[in-house]
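S.K.: Next up is a structure, given as structure tokens.
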Amino acid sequence: MIGMMSKAETQRPRTTGTASPLLSLQGVSKRFNTSRHDTTAVEAVSLEVNAGEFVCVVGPSGCGKSTLLNIVAGLDRLDAGVAMFDGRPIRGAGADRVVVFQDAALYPWLNVRANVEFGLKIKGVRGKERRIATDRYLDLVNLRAFERAFVHELSGGMKQRVQLARALAVEPRMLLMDEPFAALDAQTRDVLQEELQEIWLRTGATILFVTHNVREAALLADRVIVMTPGPGRIKAEISVPLQRPRDIDTHAVVDFAAEIRRELQHDAYASRASGEGYVI
Amino acid sequence: MSSKFFTGANFWRAVRQVAFYASLLAIWQLLYKLELWSPYLFPSPHDVWSSLRSNIESGLLWDSTRASIGRLAVGFVLAFVIGMTMGIACATMRWVDETVGSVVVGMQSLPSIAWLPLAVLWFGLSPKAITFVVLMGSVWAIAISARDGVRNIPILQQRAARVFGASRLQTLRYVTLPGMLPSMAQGLKLGWSFSWRSLMAAELLYSAVGLGHLLQVGRDLADMPLVLAVMAVIVAIGLAFDRLLFGPLEGWVRQRWGLAQT
């Protein structure tokens, strides 16, 4: 296991000293206007993500982290600021930035294989090329044996692996993950976190990962962005210098998670004192 | 397969059903023998059977059935195309729902036969008038279930398509149309049964070759066996379409979506 992991480590294509970041957000704001009241979901957020990086955005519910991800995905339009991807302003969604959603994003009328093929089909990849790519990513998430299964026959963890394969199959420049493991039970979550780490080490993908789970962030991220709500702002940015592959039960990861939690809690007390309490 | 049939639950179910229908026939025959009503008003099962056979042999029943099903098919296909288009437009564009959508809901409460006077004035005494009534009978039900079908597609399934850069046409083809099938399986069945009823009502009121007209002929000639034979044919056609057309569609939906067998 350890041997395999370190082999994966050496295979990972590292990008060093890139001239410009793959993703660059400058002073990005987003408001949602409803009939009752206007809420500022994200205010003046600046963030850069380099190619090959694994960045986690952590914060309590309502801190705007999913909004931030949707802006990068091109699903939400921003109200102020600049969002650049690969040197160009983000205008709408595109297969270069694919989202893995929390749940219920697979198509029940398609079997596992056809679900993984979905993005390739939209992209216009045909015939042998599509078959080979689909096989490769089914293998990557260990679901080749279940390729004929329907979505409702899969466990929660398997569904998320199908989503991951579907997203990776179109070879996006950046993978956006919106609390992908939040709906899973603890054991399944541990397994999938480990698998994701391994896949990231192997493929060299760039990942922006949104979560409210600090242990998850400490395990996976190169860099953790801590966000606070009301309005959603970036409060801290923490580099995670831990060696890979990491194990969620080691002291290093647990201690680091505690450090992230302290950042979050410090703010929770502060805002509770000012009468804007929220639950982490 | 066959050995399984003779020992399994299917076998006993078949036995029960045969016994049930046989006893219905027996009661019918008994009531006929008791001569409570005149044989003209209450014919025996055998009279109905011979009427059915002679009318099949003369080709009258066949021609009527063909004419009725032809009209039904044209009206239903038109209703399907128009209803799907209206339903999808209502579900995807708010201004269409606010305008056309309210008309659809209103029209759904109008019994389709109420369109017949208008249809006769517009199309004259022609089969077109009947086809129009059939169309009006089912188009609203199909439009409503198409709209609900699109609305019931989980938002993340629609977003996932956008994320992969799907065009509007690709989203329609790969997500909207298959995603609305659970609702459409119900909606088409409902629309079809509305069409079938509208057709019979229209054919009864306005003469053209058809099963409804044949019922009317039976009444005019006081030919009760013919009336009952035609009614049996109408029931049989209804059941056949239900089993052969909509049964498999529903089964497919249940299998893919993992819905419980009912």
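Values quoted throughout were computed directly from the atomic coordinates according to the rules given, and no laboratory measurement underlies them. Since this is a predicted model, take the numbers as computed values, not measurements. Here the Cβ positions follow ideal geometry from the backbone for every residue, glycine too, while neighbour counts run over all protein chains shown.
S.K.: Placing unit charges on C-beta atoms (Lys and Arg positive, Asp and Glu negative, everything else neutral), compute the dipole magnitude of the stretch A:51-115 about its Cα centre in debye, rounded to 20. The partial results should precede the final answer.
M.R.: Values: 6 positive and 6 negative charges, 25 e Å.
The calculation lands at about 120 debye.
S.K.: I would also like to ask the following. When averaged across all projection directions, what area in nm² does the alpha-carbon convex hull of the stretch B:94-176 cover? Present the calculation step by step, with values, prior to reporting the outcome.
M.R.: Working: hull surface 27.9 nm².
Projected area, direction-averaged: 7.0 nm².
S.K.: I need the P(r) histogram for the stretch B:1-100: all alpha carbon pairs, bin width 5 Å from 0 out to the longest distance, whole percents.
M.R.: The calculated distribution, bin by bin, is 2, 10, 9, 8, 8, 10, 11, 12, 10, 8, 7, 4, 1, 0.
S.K.: I'd like to know which of B:Leu31, B:Gly258, B:Ser50 lies farthest towards the positive end of the charge dipole of chain B, counting +1 on Cβ of Lys and Arg and -1 on Cβ of Asp and Glu.
M.R.: Farthest along the dipole direction, towards plus: B:Gly258.
S.K.: For the protein assembly as shown, give the magnitude of the charge dipole about the Cα centre (Cβ charges: +1 Lys/Arg, -1 Asp/Glu; no others), in debye to the nearest 20. Before the final figure, lay out each step's value.
M.R.: Numbers: 57 positive and 46 negative charges, 187 e Å.
About 900 debye.
S.K.: In debye to the nearest 20, how big a dipole does the stretch B:125-262 give about its Cα centre with +1 on each Lys and Arg Cβ and -1 on each Asp and Glu Cβ? Don't skip to the answer; put the middle values down first.
M.R.: Numbers: 13 positive and 6 negative charges, 178 e Å.
With only Lys, Arg, Asp and Glu charged at Cβ, the dipole is about 860 debye.
S.K.: Please sort by residue number the trypsin sites (Lys or Arg not before Pro) in the stretch A:58-119 whose DSSP state is loop and whose Cβ has at most 13 other Cβ atoms within 10 Å.
M.R.: On the way: sites: A:Lys65, A:Arg77, A:Arg91, A:Arg97, A:Arg113; in loops: A:Arg77, A:Arg91.
Here the sparse-neighbourhood loop sites are A:Arg77, A:Arg91.
S.K.: If you average over every viewing direction, what projected area does the convex hull of the Cα atoms of the stretch A:96-171 give, in nm²?
M.R.: 4.6
S.K.: At 37 °C and 0.692 mPa s, what whole-number value in µm²/s does Stokes-Einstein give for the translational diffusion of the stretch B:28-167, with Rh from the Kirkwood sum over Cα pairs? Don't jump to the answer; show the numbers that get you there.
M.R.: Details: Rh = 19.0 Å.
Estimated via Stokes-Einstein, D reaches 172 µm²/s.
S.K.: Nearest-5 percent of antiparallel DSSP beta bridges in chain A? List each step's numbers first, then the result.
M.R.: Numbers: 22 of 40 bridges.
Around 55 percent of the beta bridges assigned by DSSP in chain A are antiparallel ones.
S.K.: Moving on. Pick out, from B:Leu221, A:Leu68, A:Ser35, the residue whose Cα sits farthest towards the positive end of the charge dipole of the protein assembly as shown, with +1 on the Cβ of Lys and Arg and -1 on the Cβ of Asp and Glu.
M.R.: The residue sitting farthest along the positive end of the dipole is B:Leu221.
S.K.: At q = 0.16, 0.18, 0.21 Å⁻¹, work out log10 I(q)/I(0) for the stretch B:127-262 with the Debye formula, treating every Cα as an identical point scatterer and leaving solvent out; two decimals please.
M.R.: Debye intensities relative to I(0), on a log10 scale: -0.90, -1.02, -1.19.
S.K.: How far is the Cα center of the stretch B:184-206 from the Cα center of the stretch B:66-107, in Å?
M.R.: 14
S.K.: Return the tail of the calculated pair distribution for chain A, meaning the percent of Cα-Cα pairs more than 31 Å apart. Could you put the intermediate results ahead of the total?
M.R.: Working: 10704 of 39060 pairs.
Tail of P(r) above 31 Å: 27 percent of Cα pairs.
S.K.: Given Cα positions, please report Rg to Rh for the stretch A:40-193, the hydrodynamic radius being the Kirkwood one.
M.R.: Values: Rg = 16.3 Å, Rh = 16.7 Å.
Across the stretch A:40-193, the Cα-based Rg/Rh ratio is 0.98.
S.K.: If you don't mind, there's one more thing I want to ask. With respect to the cross-link table entries A:Lys30/A:Lys235; A:Lys128/A:Lys159; A:Lys30/A:Lys159, which display a Cα-Cα separation exceeding 19 Å? Each step should come with its number before you reach the end.
M.R.: On the way: A:Lys30/A:Lys235 17 Å; A:Lys128/A:Lys159 25 Å; A:Lys30/A:Lys159 31 Å.
Going by Cα-Cα distance, A:Lys128/A:Lys159; A:Lys30/A:Lys159 fall outside the 19 Å limit.
S.K.: Along the charge dipole of the stretch B:184-253, which of B:Val230, B:Leu249, B:Gly191 sits closest to the positive end, that is, farthest toward it, with unit charges on the beta carbon of Lys, Arg, Asp and Glu (+1, +1, -1, -1)?
M.R.: Positive-end residue among those listed: B:Leu249.
S.K.: Sticking with this one: Can I get the semi-axes of the protein assembly as shown's equivalent ellipsoid? Compute them from the C-alpha gyration tensor as square roots of 5 times the eigenvalues, in angstrom, largest first. Don't jump to the answer; show the numbers that get you there.
M.R.: Values: eigenvalues 801, 151, 84 Å².
Working from the Cα gyration tensor, I get semi-axes of 63, 28, 21 Å.
S.K.: Mind running the shape call on the stretch B:67-123? Use the C-alpha gyration tensor, a ≥ b ≥ c as the square roots of the eigenvalues: rounded below 1.5 for a/c, prolate if a/b tops b/c, oblate otherwise.
M.R.: On the way: a/c = 2.88, a/b = 1.58, b/c = 1.82.
Because a/c hits 1.5 or more and a/b fails to exceed b/c, the stretch B:67-123 counts as oblate.
S.K.: Give the value in nm², to one decimal: projected area of the alpha carbon convex hull of chain B, averaged over all directions.
M.R.: Numbers: hull surface 76.4 nm².
Taking the Cα atoms of chain B, their convex hull projects to 19.1 nm² on average.
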